[in-house]
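Participant: Here you go, one structure.
The values are calculated or read from the model by the stated rules, or taken from the named source; none is laboratory data. All values derive from a computational prediction rather than experimental measurement. We place every Cβ from the backbone using ideal geometry, glycine too, and count neighbours over all the protein chains shown. Each accessible area value is taken on the protein alone, full model and side chains, heavy atoms only, with ligands, DNA and RNA left out. Shrake-Rupley method; radii C 1.70, N 1.55, O 1.52, S 1.80 Å.
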Amino acid sequence: MSYHLGIDIGSSSIKAALVDSETGKSLGVVQEPKTEMSMQAVKNGWAEQDPNDWWLHICNAIQALKKQFNITSTQIDGIGISYQMHGLVVVDKGGNPLRNSIIWCDSRAVNIGNDAFKAIGEDKC
């Protein structure tokens, strides 16, 4: 048998789904961590998360699915990934995160966006 793996990287958790490649039937979904992920808010309006935490939870979710359904990595023939919108992950040449990710609910640039909208004009925006 072969399977597809769906991974949703959300701001509150990672969800991973296992789907039968032949039938398209969803076999199971796991969530990692079991409780909501933490978010760093160093200042009011800031929202950041550590991308390394996402990776840890992705690995844990995949391992849980493999164990629950007694499958191997070689049986997974496709992976789909969705990610929280408007996230910024800055990485070095090796793909390692240089800082926490600024995530979608961060609002530190709202005034800059509003000023740009006014300067550029409603017609162009």
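Participant: Please state which one of Ser107, Ser101, Ser21 is under 22 Å from Ile7 (Cβ atoms), hydroxyl-bearing (Ser, Thr, Tyr), over 15 Å from the mean Cα position of the chain (by Cα) and open to solvent by less than 70 Å² (accessible area, probe 1.4 Å). Working first, answer last.
Facilitator: Working: Ser107 fails: under 22 Å from Ile7 (Cβ atoms); Ser101 fails: over 15 Å from the mean Cα position of the chain (by Cα).
Every option except Ser21 fails the conditions.
Participant: Suppose we filter region 85-124 for residues that are assigned to a loop (DSSP other than H, G, I, E, B) and either out of contact with any Lys or Arg (no Cβ under 9 Å at 6 or more places or on another chain) or among the β-branched types (Val, Ile, Thr) (or both); how many remain? Spell out how you get there, then give the answer.
Facilitator: So the first thing to find is which residues in region 85-124 are assigned to a loop (DSSP other than H, G, I, E, B), and the list is 85-87, 89-90, 92-96, 98-100, 103-109, 121-124.
Narrowing the set further to residues that are either out of contact with any Lys or Arg (no Cβ under 9 Å at 6 or more places or on another chain) or among the β-branched types (Val, Ile, Thr) (or both) leaves 85-87, 89-90, 92-96, 98-100, 103-107, 109, 121-124.
Result for region 85-124: 23.
Participant: Are any residues in region 1-15 open to solvent by 50 Å² or more (accessible area, probe 1.4 Å) and part of a strand (DSSP E or B), and if so, which ones? Show your work before the answer.
Facilitator: Taking region 1-15 and keeping what is open to solvent by 50 Å² or more (accessible area, probe 1.4 Å), we get 1, 4, 8, 15.
Within region 1-15, His4, Asp8, Lys15 qualify.
Participant: Any residue at all in region 16-30 that's modelled with pLDDT of 95 or more, of a type outside the set (A, V, I, L, M, F, W, C), part of a strand (DSSP E or B) and touching a Leu at 6+ places or on another chain (Cβ under 7 Å)?
Facilitator: Yes, because at least one residue in region 16-30 is modelled with pLDDT of 95 or more, of a type outside the set (A, V, I, L, M, F, W, C), part of a strand (DSSP E or B) and touching a Leu at 6+ places or on another chain (Cβ under 7 Å).
Participant: Mind checking which residues of region 57-83 are open to solvent by 90 Å² or more (accessible area, probe 1.4 Å) and either within 15 Å of Ser11 (Cα to Cα) or not in a strand (DSSP E or B) (or both)? Write out each step before concluding.
Facilitator: The initial filter retains those residues of region 57-83 that are open to solvent by 90 Å² or more (accessible area, probe 1.4 Å), namely 63, 67-68, 70, 74, 77, 79, 81.
Once the filter is applied, which keeps residues that are open to solvent by 90 Å² or more (accessible area, probe 1.4 Å) and either within 15 Å of Ser11 (Cα to Cα) or not in a strand (DSSP E or B) (or both), region 57-83 yields Gln63, Lys67, Gln68, Asn70, Thr74, Ile81.
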